[in-house]
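To keep things clear, I will list the structure first and then write my remarks on it.
What follows draws every value from the coordinates through simple rules; no lab data is involved. Note that the structure is predicted; figures quoted are calculated from it, not measured. Quick reminder, even Gly has a Cβ in these numbers, built from the backbone with ideal geometry, and neighbours come from all protein chains shown.
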């Protein structure tokens, strides 16, 4: 694109200025405030129009108002330009009226062939240049460079370079944008490692709500289990009620049946009682008949019976005793007759006794003498005792004689036996002779004794002794008889007394019987009484038994009634009352009482009722538990909160995902840019830098970390841009801007270049080099160089010579 | 048979939690609305002297229904006085600890379950077979086990599930009209989808929807059917009339605010839209759309307008007014970023044209648009304007 004409009717401070730039290098060398920036604004406004509206946030006026002419009535202008394709266009804008007209070189109005912006009018420049206003301004306009001496300025310039290098725009920072995205993600959303960011808070809230939900669900589940349990217990209760109902019916039937049975029992008892009554009556009649014996006891009868037996025995005993007495009397009398009178006997006895005593004294004296002679001659004693020899010798002799009788062949037996016999006889006679000689000495006393005995009528002593013994014995016997007679008499007397006593008892007994017995035979009388008394006692006993049985029956009747009252649950005044009650009952089904008794049934009913009570208690407990069921909509509220926070979480996560995605896409886009544009940019920059640095730096390179380095031919060293001097950085920046323009316009229109004091920080040599570069550039591109500096003008003039076109604004 | 008149409703969802989270006791109010809408049906059953009532599933929410609601339900159902036949749905399936199994239901209520799937109302010569849910998700039902219709009876098939919808993963008893038709029933009492529908290819199939709308995707009429039927000598006459029961109406409206230069202009546009709505009845969501430079605080706008409303939410779905077309031509990183983002957005947009209801794609598109805005803000402004909490 080459601007051919700029006809400013009125724009800012420029009024009626008409400029015809050359295709190459144009220099606008004017003092400050002469309208250099206004001219740049005019060119932009002619191409892209001006935004109107209100003041910006910072208070600055919108371009349409800002650029209003200071002194001209017209706020308009005309611009003519030619494109690379040779086509020329003329644009006329009336900013006041907001009208724009575009004509081609054939004077055809093309205005309506372009899209129109409400404020800016037809957007022809976008189409002709291929870029929008912003891109045009960013690339075609290179203002006063920022490089200053201090480090801050240097850093800014490095950043711009970096931005240019990474984003294609010095104002757009990739690292800054990434940092913003990251910090927003961390602060506004949260990351995997964060704990206090919004997403973390929501997650914590959600976890708490999920816990609450889980608890409520458990509570609900537990509640449902309780409901299930309640249902089961109610079913059990229903079954129990049914069972109880059946049992009650069964019980009622059984009760009826039992009452019927009791009634029958009672009726049987009544019959039995009636029979007993009859027997009792008969018994009473018998008793009355035998009433006389009422004072008699069976003991008395027994005693009398015993007494009668004893009486009989006493009679016999008396009889026997009397016989004995008679016998004793007879014997005693007989003995008494056989005895000498007592005086005679005693006299005889005295005389004989005296004679015996005398004899005994004489005998004693003689005996003493013998003892003395014995002491002096013991052998004599032996001689006197031949009897131990005589008897065995005699016996032996006899045995030998017998032996000879059997063994006659042996005469020895006879000989020895005969000899032994002779010897024995000799010894015997000798012995007798010796004894006779010893008795002669006490014969005198004996004679005296014999005389007395004889006088007393005794032949010898033996007869005396016999007499004496007989007399003594008889006398003792007689004495004994006398004693026995006395005893017998006494016995008879005692027996008689007892008999008398018996008579008294008998009489009393008979009196008790209140009956007159004329028979004297007591046994017969007694037998009659005994029989009657026994009949009486029997009747009494029978009555007692009957009465007892009657009592039993009454008791049984009472028991039956009591049971009936219990079963019926009613009180019966009488048996008839009960029977009437039973008769009034509607009899239920007949039951087999063997199988289940009423008691058993009662037990079953009791057990069933207990189970029912247990079940009712359980149901009450379950109902109490059910009262603690989750409150209304509690779980729904929690679910709603979960839903709300989940939505918030999803929203945040979505924003987080968007931030991450933006970051990723930015990095990817930057890398693409690096891949697609940077080599081209580096090549262009290197060429320019070579000229600018007068061959000191051959190449500019960007590494993978997007850092810019310069290659020095002297050292083959790559020097990072931030290590360069501020002036060199300025040069690199300038190169990059120029390269960026070529990049932007690649395959598009070649843009004019508007340079506004770009070399203010350069020394003269650098300025000259820069103009040398511009000289190269301006061969293909229209360049507008704005300066107020004499130095730049003169150096430009020296470099460009006649090819330089000076534009004047006044 | 004589002419029978019965009511058909479904998807009551007693004690349902609501996705929209309103201020104060909003959820409780809405649950009361559900009860009131259901009561509208029960009252009508009585006033119209209907013979019986059919409830085709999802009577309550198994996960959140509470005892007091069940007690209330017992009371109102027993007061209706006519037979009520229910099938369990996917929200109230006939599971072990379900209220259907464990709760004491009024004597006039019959729950058709796999154990007891059919019921004959001898008084009306009506035979009913129910296919409900025994779990929260169930695949294609085995229709071969369905008992054949009874001769000389008016035969009703109650079915909770998906009719004529070819979803890839359908866990809600998918069947086709053809399959149901082959069963030969006289009336198909459907349930599951919350919007009323009476235009199935199967002519005698009806889906009453939920008596009360339960979300922003449930606009339109919500109610139940009154059915008058007569069957004589193989000729069945059917008169199905729908009636409205809803207490509330959902409004989910987009409002383009492009061109609004000030917040006041935005407020005026919102106010203009709200004027046509009923604040006592309508549950409203206004989604601000378009491109704007304005910083819109949606929460602030919501609180500004929602004071007298049961539920009013204003969402900011606007995009920053970047000149995307122009930026796309930009040769700097900004242009490269926009081009890359636009390429991705375009891919998703194309996919959405193929599959417009795919929520994943919608979400992806939203993320991409957000990422575009965030990236441009970061590049251009060096900061990201963050609205909301």
Averaging over every viewing direction, what projected area does the convex hull of the Cα atoms of region A:167-319 cover, in nm²? 31.7 nm²
Rg (Å, one decimal) plus Dmax (Å, integer) for the alpha carbons of region A:1-46? 10.5, 28
Compute the label zone of residue B:369 within region A:181-206: residues whose backbone N is under 19 Å from the point 7 Å along Cα-to-Cβ. none
The exposure ranking of A:66, B:251, fewest beta-carbon neighbours within 10 Å first, is A:66, B:251
Rounded tilt (10° steps) of A:598-626 against the dominant C-alpha axis of chain A: 20 degrees
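Roughly speaking, what % of Cα-Cα pairs in the protein assembly as shown are separated by over 61 Å, rounded to a whole number? Don't skip to the answer; put the middle values down first.
Numbers: 430598 of 718201 pairs.
More than 61 Å apart: 60 percent of the Cα pairs in the protein assembly as shown.
Report the rotationally averaged projected area of region A:665-781 based on its alpha-carbon convex hull, in square nanometres.
On the way: hull surface 31.9 nm².
It is 8.0 nm².
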For region A:1-131, just say rounded, prolate or oblate: build the C-alpha gyration tensor, square-root its eigenvalues into a ≥ b ≥ c, call rounded for a/c under 1.5, and beyond that prolate if a/b exceeds b/c, oblate if not. oblate
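Which FRET efficiency value, to the nearest 0.05, is calculated for residue B:3 and residue B:216 with the Förster distance at 41 angstrom and r the Cβ-Cβ distance?
Result of the calculation: an efficiency of 0.55.
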Roughly how many Å is it from the Cα centre of region B:327-389 to that of region A:166-208, as a whole number? 17 Å
Can you tell me the Rg and Dmax of region B:4-244, counting just the alpha carbons, in angstroms? 16.8, 59
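Roughly speaking, what is the stretch gain from residue B:354 to residue B:176, that is 0.36 nm per residue apart minus the C-alpha to C-alpha distance, in nm to one decimal?
61.7 nm
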Could you state the number of Å between the C-alpha centres of region A:724-784 and region B:2-68? 79 Å
Overall dimensions of region B:323-389 by Cα: Rg and Dmax, Å: 13.2, 37
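Using the count of nearby Cβ atoms within 10 Å as a rough guide to exposure, how do B:178, A:255 rank from fewest to most? Write out the running numbers ahead of the final one.
Working: B:178 10, A:255 20.
So the residues, fewest neighbours to most, are B:178, A:255.
Round to the nearest 0.05 the FRET efficiency obtained for residue B:239 and residue B:325 when R0 = 60 Å and r is the Cβ-Cβ distance.
0.55
Based on other C-beta atoms within 10 Å, arrange B:87, A:288, A:529, B:345 from fewest to most.
Working: B:87 31, A:288 10, A:529 24, B:345 19.
Arranged by neighbour count, lowest to highest, B:87, A:288, A:529, B:345 become A:288, B:345, A:529, B:87.
Any chance you could run the full-extension gain for residue A:368 through residue A:243? It's 0.36 nm times the residue separation minus the Cα-Cα distance, nm to one decimal. Spell out each step's value before the answer.
Working: separation 125, 0.36 × 125 = 45.00 nm, distance 13.27 nm.
Fully extending the segment from residue A:368 to residue A:243 adds 31.7 nm.
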Using only Cα atoms, tell me the angle between helix A:726-744 and the longest principal axis of chain A; keep it within 0 to 90° and round to the nearest 10. 90 degrees
Estimated 222 nm signal from helices in chain A, with DSSP H stretches of n ≥ 4 weighted -39500 (n - 2.57), rounded to 500: -23500 deg cm²/dmol
If N is the residue count of region A:682-733, its Cα Rg over 2.2 N^0.38 Å rounds to 1.00
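Would you mind giving the mean number of other chain beta-carbons within 10 Å of the Cβ of each residue in A:170-178, as a whole number?
Mean inter-chain Cβ contacts per residue within 10 Å come to 5.
Quick check on region B:29-143: take the gyration tensor over C-alpha atoms, sort the square-rooted eigenvalues as a ≥ b ≥ c, and tell me if it's rounded (a/c under 1.5), prolate or oblate. Before the final figure, lay out each step's value.
Details: a/c = 1.76, a/b = 1.07, b/c = 1.65.
Oblate, because a/c is 1.5 or more while a/b does not exceed b/c.
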Which whole-number percent is the relative contact order of chain B (Cα, under 8 Å, 6+ apart)? 13 percent
Out of every Cα-Cα pair in region A:227-269, what percent are more than 16 Å apart? 57 percent
Can you give me the P(r) profile for region B:248-321? Cα pairs, bins 10 angstrom wide beginning at 0, each as a whole percent. 21, 56, 21, 2
With each label point set 7 Å from Cα along the Cα-Cβ vector, what nm distance links residue A:523 and residue A:299? 2.8 nm
Computed over chain A: longest principal axis from alpha-carbon atoms vs helix A:575-584 long axis, angle to nearest 10 degrees, is 40 degrees
